[in-house]
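S.K.: Before we start, here is the structure in question, set down as structure tokens.
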């Protein structure tokens, strides 16, 4: 099974009122009884909708004016993402697995953009939320599933504050979280 830790940055909380601005994705696959982190992919998209929430723009730090001239057209970005995922999933006969840290936000934007661009979402309608996975594996409450707390609980490297909320960096860090959660040795019942 091939997992794709995906993070996106958007100009607000929901499509199509707001824009998908950047996508980062990192492969996690099983190898030799554990999981390894593989290649990553990143793109910044040209905005197509009018909504820009000031708080969201402050968090992601992306310049909408720059994206209007330098961003990739959404149709090309989504086609490139789809092709990249399917190529890396090729050895598997199973559907690629979408993974997000608060997956409902990321999946909603990704799925909407695939539909908006008249493309099939290669992940389908299912995915793994690492916050929920952490709740079950670590037996912790939802409020303790932040990346900062999981960094301590899973003995992960410290996050770089200068790179947090950059989709490629966050996707790679989320891949680390997934890897640790999947590789925890739990007592058998």
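The values are calculated or read from the model by the stated rules, or taken from the named source; none is laboratory data. Keep in mind that this is a model prediction, so the values were computed, not measured. Here Cβ is always computed from backbone atoms with ideal geometry, including for glycine, and neighbour counts include all displayed protein chains.
S.K.: Within segment 100-119, can one find any residue that is in a loop (DSSP other than H, G, I, E, B), exposed (fewer than 15 other Cβ atoms within 10 Å of the Cβ) and more than 16 Å from the chain's Cα centre (by Cα)?
M.R.: Yes: segment 100-119 contains one or more residues that are in a loop (DSSP other than H, G, I, E, B), exposed (fewer than 15 other Cβ atoms within 10 Å of the Cβ) and more than 16 Å from the chain's Cα centre (by Cα).
S.K.: Can we say residue 66 is in contact (Cβ under 8 Å) with a residue 60 or more places away in the chain and more than 19 Å from residue 15 (Cα to Cα)? Walk me through how you get there before you give the answer.
M.R.: On the way: in contact (Cβ under 8 Å) with a residue 60 or more places away in the chain: no; more than 19 Å from residue 15 (Cα to Cα): yes.
So residue 66 fails the test.
S.K.: Further question: Exactly one condition in (1) modelled with pLDDT under 95; (2) over 25 Å from residue 132 (Cα atoms); (3) under 18 Å from the mean Cα position of the chain (by Cα) is not met by residue 32; state its number.
M.R.: Looking at each condition in turn, residue 32 falls short on (3).
S.K.: Return the only residue of 88, 82, 94 being closer than 23 Å to residue 180 by Cβ, part of a helix (DSSP H, G or I) and touching a residue at least 40 places away in the same chain (Cβ under 8 Å).
M.R.: Values: 82 fails: closer than 23 Å to residue 180 by Cβ; 94 fails: part of a helix (DSSP H, G or I).
Criteria check complete, one pass: 88.
S.K.: Out of all the residues in segment 61-79, which are in a loop (DSSP other than H, G, I, E, B) and in contact with a strand residue (DSSP E or B) (Cβ under 9 Å, 6 or more places away or on another chain)?
M.R.: Within segment 61-79, 61, 62, 71, 73 meet the criteria.
S.K.: Across segment 4-47, what is the total count of residues that are under 20 Å from residue 77 (Cα atoms) and outside any loop (DSSP other than H, G, I, E, B)?
M.R.: Of the residues in that region, 23 qualify.
S.K.: Which one of these does residue 88 not meet: (1) in contact with a strand residue (DSSP E or B) (Cβ under 8 Å, 6 or more places away or on another chain); (2) over 16 Å from residue 5 (Cα atoms); (3) surrounded by fewer than 20 Cβ atoms within 10 Å (Cβ to Cβ)?
M.R.: Condition not satisfied by residue 88: (2).
S.K.: Looking only at segment 139-161, filter to residues that are touching a residue at least 24 places away in the same chain (Cβ under 8 Å) and assigned to a helix (DSSP H, G or I); which one of those is farthest from residue 184 (Cα to Cα)?
M.R.: Among them, the one singled out is 147.
S.K.: Could you tell me which residue of segment 162-189 is nearest to the chain's Cα centre (by Cα), considering only residues that are closer than 19 Å to residue 10 by Cα and part of a helix (DSSP H, G or I)? If you could, list the steps in order and put the result at the bottom.
M.R.: Looking only at segment 162-189, we keep the residues that are closer than 19 Å to residue 10 by Cα, and these are 162-174.
From what is left, the residues that are part of a helix (DSSP H, G or I) are 167-174.
Details: 167: 7, 168: 8, 169: 10, 170: 7, 171: 5, 172: 9, 173: 10, 174: 7 Å.
Step by step, filter segment 162-189, then rank; the result is 171.
S.K.: Exactly one condition in (1) in contact with a helix residue (DSSP H, G or I) (Cβ under 7 Å, 6 or more places away or on another chain); (2) within 17 Å of residue 27 (Cα to Cα); (3) surrounded by fewer than 16 Cβ atoms within 10 Å (Cβ to Cβ) is false for residue 140; which is it?
M.R.: (2)
S.K.: Separate question: Return yes when residue 131 is out of contact with any strand residue (DSSP E or B) (no Cβ under 8 Å at 6 or more places or on another chain), more than 22 Å from residue 150 (Cβ to Cβ) and in a helix (DSSP H, G or I) and no when it is not.
M.R.: no
S.K.: Now a separate question. Checking residue 39 against (1) surrounded by fewer than 19 Cβ atoms within 10 Å (Cβ to Cβ); (2) farther than 16 Å from residue 165 by Cβ; (3) out of contact with any helix residue (DSSP H, G or I) (no Cβ under 7 Å at 6 or more places or on another chain); (4) touching a residue at least 40 places away in the same chain (Cβ under 8 Å), which single condition isn't satisfied?
M.R.: Among (1) surrounded by fewer than 19 Cβ atoms within 10 Å (Cβ to Cβ); (2) farther than 16 Å from residue 165 by Cβ; (3) out of contact with any helix residue (DSSP H, G or I) (no Cβ under 7 Å at 6 or more places or on another chain); (4) touching a residue at least 40 places away in the same chain (Cβ under 8 Å), the lone unmet condition for residue 39 is (3).
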